[in-house]
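Heads up, the thing below is written out as structure tokens.
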Amino acid sequence: MQQIRKVAASHSTRSKLFRWMLKRHDELAAMFRDERPAWKPLADEFNKLKLAPDGKEITAQVARHTYWRVRRHVAIATRNAPAKPMVVQMPASDPAKIQNEPQGGDLMADVWSQINKRSGR
């Protein structure tokens, strides 16, 4: 599986910078929420990390646009993600609180009897 990941990553249509930002999206978003990004110094750091394609250099504009694309990708993926099932926790039933369980006979008659009793009929 590790070899498959290497092949998939080496033939990806996404840049190394895009994949790097996508992997760290939540952390970057939190950081940029608190402080406006300075794209030129960030681009220099991205170049030091060798996230640029061979023979090219990441500019401030490329870094900024790549981050925008990552944000859009995450937003679309989040919006299209299947909804998480709602979990409702019910209190455990207390056998002492269960009243008048029918002891055989006509179940519907017992139900109607309870309805009439509770409604005051």
Going Cα to Cα from Lys117, which lysines come in below 24 Å? Please leave out same-chain ones fewer than 8 positions away. Lys97
MRE, 222 nm, helices only [DSSP H, n ≥ 4, -39500 (n - 2.57), over the chain, to nearest 500]: -18000 deg cm²/dmol
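Quote to one decimal, in nm, the extra length available between Asp110 and Val88 on full extension: 0.36 nm per residue of separation minus the C-alpha distance between them.
Details: separation 22, 0.36 × 22 = 7.92 nm, distance 2.94 nm.
So the extension gain works out to 5.0 nm.
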With viscosity set to 1.567 mPa s and temperature to 4 °C, compute the Stokes-Einstein D of the chain, Rh being the Kirkwood radius across alpha carbon pairs; µm²/s, no decimals. 64
Applying the Karplus parametrisation 6.51 cos²θ - 1.76 cosθ + 1.60 with θ = phi - 60° to the phi angles of region 14-27, what ³J(HN,Hα) value in whole Hz is obtained for each residue in order, glycine and proline being reported as x? 8, 6, 4, 5, 4, 5, 5, 5, 4, 5, 10, 4, 4, 5
Assign unit charges at the C-beta atoms only (+1 for Lys and Arg, -1 for Asp and Glu), then state the dipole size of the chain relative to its Cα centre in Debye, rounded to the nearest 20. 760
How much length would be gained if the chain were fully extended between Ala38 and Thr78, taking 0.36 nm per residue of separation minus their Cα-Cα distance, in nm to one decimal? 11.7 nm
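No lab work stands behind these numbers, since they all come straight from the coordinates. Note that the structure is a prediction, hence the values are computed from the model and not measured. Don't worry about glycine lacking a Cβ; one is built from the backbone with ideal geometry, like all the others, and counts go over all protein chains shown.
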